[in-house]
Amino acid sequence: MKNDKKKMERRQFLSSTGKALTGLGIAAGGGSLLAQDTQEAGSEGSKSFPTDDYDWTKHRWAYGIDATKCIGCLRCVEACKAENDVVGDAQHFRTWVERYVYLEGDEKVHVDSHADEQNIAASGSESEYRFDNRYKDKKVTKAFFVPKMCNHCAHPACVQVCPVGATFRAEDGTVLIDHDYCIGCRYCVQACPYGARFFMEEKGVSDKCTWCYHRITKGLMPACVEVCPTGTRVFGDLNDTSSPVSEFIRNNPVQVLKPESGNAPMCFYIGIDKDVS
């Protein structure tokens, strides 16, 4: 109880400080100052977050997605929800899948996801996920599914706008959120060009995909990668030239989403076209 009270008091202090800095137009500078305090508070001597056995200076994580293999089964979404205790409705998600459909005579691509009202109706529940069969009587010229999530960018806009340093880029390339320091300003949610962040009202903090950080730091795969039945999702360490993701990038003409944003995503795709952003 004392620790919870202390955390609450500190969050209230950071919230008022962050808002004051933002009001003065120096949110970025204030964020860097408070971020230093955050990092010092979150570490003990030379121990590496989050466990003593994991050294984040020796890894450089990346993700690969082969859209030609995705069948839209949404097992990845279900596994992510269960693994990370994400709210069980269709509006909160760390990873999601979009369907892209091209119809004969229609120049516009049709895009929907598991959060679409028609797909929710087809599943009968917001806690179950599936795509409906709305195109069964249409002439489809091309269709494919695209899994999406946080891109863990090398130059993340979300880190730049956080006024208190709660969002940070770790030594291993992952972009994480320290919920003890998040003040719920939602600047990061607005800054993300990929729509990969959401706000948890019940906790008053932002959340997103962490590539199952609690798993990968123990030598395990992210839950979504582990359950994918088609090998669509590929994960690994770029410092290891023989890792699945290193081979994926080396052997395929990969591309990233919204390269013009300057965020330098570390999630690499094949099998998508210009309409995917």
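Here is how the numbers come out for the structure above:
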| read-out | value |
| --- | --- |
| Search result, residues across the range 115-134 that are in contact with a strand residue (DSSP E or B) (Cβ under 6 Å, 6 or more places away or on another chain) and modelled with pLDDT under 95 | none |
| Search result, residues across the range 113-162 that are free of Cβ contacts under 8 Å to residues at least 12 places away in the same chain and touching an Asp or Glu at 6+ places or on another chain (Cβ under 6 Å) | ALA122 |
| Residues of the range 173-184 that turn out to be farther than 22 Å from SER261 by Cα and in contact with a Lys or Arg (Cβ under 8 Å, 6 or more places away or on another chain), as a count | 5 |
| Near pairs, Cβ below 8 angstrom, 6+ apart or cross-chain, from the range 170-196 (farther than 20 Å from MET149 by Cβ) to any residue that is assigned to a helix (DSSP H, G or I) and among the basic types (Lys, Arg) | ASP180/LYS7; ASP180/ARG10; ASP180/ARG11; TYR181/ARG10; TYR181/ARG11; ILE183/ARG11; ILE183/LYS19; CYS185/LYS19 |
| Yes/no for SER242 being without any contact (Cβ under 8 Å) to a residue 40 or more places away in the chain, farther than 21 Å from CYS80 by Cβ and surrounded by fewer than 20 Cβ atoms within 10 Å (Cβ to Cβ) | yes |
| Output for the range 216-258, where each listed residue is aliphatic (A, V, I, L, M), more than 22 Å from HIS155 (Cα to Cα) and assigned to a helix (DSSP H, G or I) | ALA223, VAL225, VAL227 |
| Which listed residue is surrounded by fewer than 20 Cβ atoms within 10 Å (Cβ to Cβ) and at positive phi, from GLY165, GLY88, GLY124 | GLY124 |
| Some residue of the range 135-146 being among the small types (Gly, Ala, Ser), surrounded by fewer than 17 Cβ atoms within 10 Å (Cβ to Cβ), touching a strand residue (DSSP E or B) at 6+ places or on another chain (Cβ under 8 Å) and part of a strand (DSSP E or B) | yes |
| Set GLY88, GLY72: member being in a loop (DSSP other than H, G, I, E, B), out of contact with any Phe, Trp or Tyr (no Cβ under 9 Å at 6 or more places or on another chain) and closer than 18 Å to VAL227 by Cβ | GLY88 |
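Table: residues versus (1) closer than 17 Å to ARG60 by Cα; (2) touching a helix residue (DSSP H, G or I) at 6+ places or on another chain (Cβ under 6 Å); (3) surrounded by fewer than 19 Cβ atoms within 10 Å (Cβ to Cβ); (4) modelled with pLDDT under 95.
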| site | (1), (2), (3), (4) |
| --- | --- |
| HIS179 | no, no, yes, no |
| CYS182 | no, no, no, no |
| ARG186 | no, no, yes, no |
| TYR194 | no, no, no, no |
| CYS209 | yes, no, no, no |
| ALA223 | no, yes, no, no |
| PRO229 | no, no, yes, no |
| VAL234 | yes, yes, no, no |
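The values are calculated or read from the model by the stated rules, or taken from the named source; none is laboratory data. Since the model is a prediction, treat every value here as computed from it, not as a measurement. Cβ coordinates were reconstructed from backbone atoms using ideal geometry, including for glycine residues, and neighbour counts include every protein chain displayed.
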